[in-house]
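The values are calculated or read from the model by the stated rules, or taken from the named source; none is laboratory data. Predicted model only: the values in this text are computed from it and were never measured. When we count neighbours, we look across all protein chains shown, and the Cβ atoms used for this are built from the backbone with ideal geometry, even at glycine.
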Amino acid sequence: MHLDDIRSALFYSKKDIFKNKKIFLFITAAIIFATANIIIINGFMDGMIRDLADNTVESSLGHLNIYPDQEERFIEGLGIKEEELNALKDVEAYSPRVSASGVLSFKELSASANILALDPDKERGVTKLLDKLDSGTAINSNDGNAILVSYRLAEDLKLDTGDEVTLAFENGNMKEYMIKGIIRTGSQEFDSSTVVMALNEARRHLDIENRASSILVKLSDKEIAGDYKPILMQNLGIKNVKTWKEELEYLMSFTEAYKSFSSIISAVGLIAASISVGIIVYVNVIHKKRQIGIMKALGAKDSFIFTVFIMEALLFGLIGVPAGDIVGYLAIKHMEANPFYDAIMMTWISARFGNYLLYNATAVSFAATLLAGIYPAIKASRIDIIKAIWGG
């Protein structure tokens, strides 16, 4: 096809799509919103996943987490492990923890509890767990008579700050404590039945010295956790170490379901826009059978007719897709600047913009719009001259 033929096809296409302004605006709007929808949904999902992951790491995980060897309950030789950690240059902080079970009682009510014992000073260097308070204040290293309780455990036992409760440890030891604060992290497992207390206090009652159930380690950069893991294992002589990404596999698998759902929503909008383009082009073909027949009688080739109608879909895409990119970009930037607070996770959640969002939305939307015009264009190019002129 010659350049003049392409110019002529473009002339006919522009004249046709701009002839009915209402239809033109409707189809363009459908493409704009379908394209913007892809950017907005995927940008929001990326932001939500990243924020939830960051909140989980900040609340309850280290960049690297050390656990006892299989079939062992505790990490032995904690003092030696701490000396080794202090000597490693990329280790910014660490926090040993002890986990145990117990029963918390208040008046006539009792409930099973998961006891988490930690050193508040060291914990603050690794996580923001002790900042996640619904009410009250955090414990300190010298609190031998005060504990924190998770908010759901507080609800079950009808507890409030200042209440006196009895905690029975797994070995049978019992002691009364004052509720100093009620903590909420957004983690269902933690929030359901956790008691937080000072590490030294737990060790006295559990008879645990120089041992820990886990050690949370904060690195200078969490992204080096994977490369730093074997270094930590070699220097500390330990085998069971997990990176924060390995700890969050459950969260990532959970969010994959949401991403699949968001993809379905995006696909529905894109299909609707594509169908709209295809229908409009096809209707134009039906209404212009006679004109097509005359154009063919005057020497227009099938390829020219095909080009005229495929260019209609092309023009819709060239106008609607970039406009949709702009709308999606502005929406994501607005959501980045105005995050919303998730009261359940107790963290701010916002969308995230990445250039790949524009690339993906542009490619997918434009391809879908162009493909929608292929069938009507083929149909137009195969119209029989005689039947078209006589209205058959």
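Considering only helices (runs of 4 or more DSSP H) fully contained in region 195-313, which possess at least 1 residues that are under 25 Å from the mean Cα position of the chain (by Cα), at pLDDT 80 or above and surrounded by fewer than 20 Cβ atoms within 10 Å (Cβ to Cβ)? If you could, list the steps in order and put the result at the bottom.
Numbers: elements: 199-206, 225-236, 244-247, 249-287, 289-297.
Because the criterion is at least 1 residues that are under 25 Å from the mean Cα position of the chain (by Cα), at pLDDT 80 or above and surrounded by fewer than 20 Cβ atoms within 10 Å (Cβ to Cβ), the helices (runs of 4 or more DSSP H) in region 195-313 that meet it are 225-236, 244-247.
Residue by residue, here is whether (1) at pLDDT 90 or above; (2) surrounded by fewer than 21 Cβ atoms within 10 Å (Cβ to Cβ) holds:
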site	(1), (2)
D143	no, yes
I147	yes, no
L153	yes, no
D156	yes, yes
T161	yes, yes
N173	yes, yes
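Quick one: would you say A29 is outside the structural domain of A117 (by TED's automatic domain parsing) and out of contact with any Lys or Arg (no Cβ under 8 Å at 6 or more places or on another chain)? It would help to see each step written out before you state the result.
On the way: outside the structural domain of A117 (by TED's automatic domain parsing): yes; out of contact with any Lys or Arg (no Cβ under 8 Å at 6 or more places or on another chain): yes.
Answer is yes for this residue.
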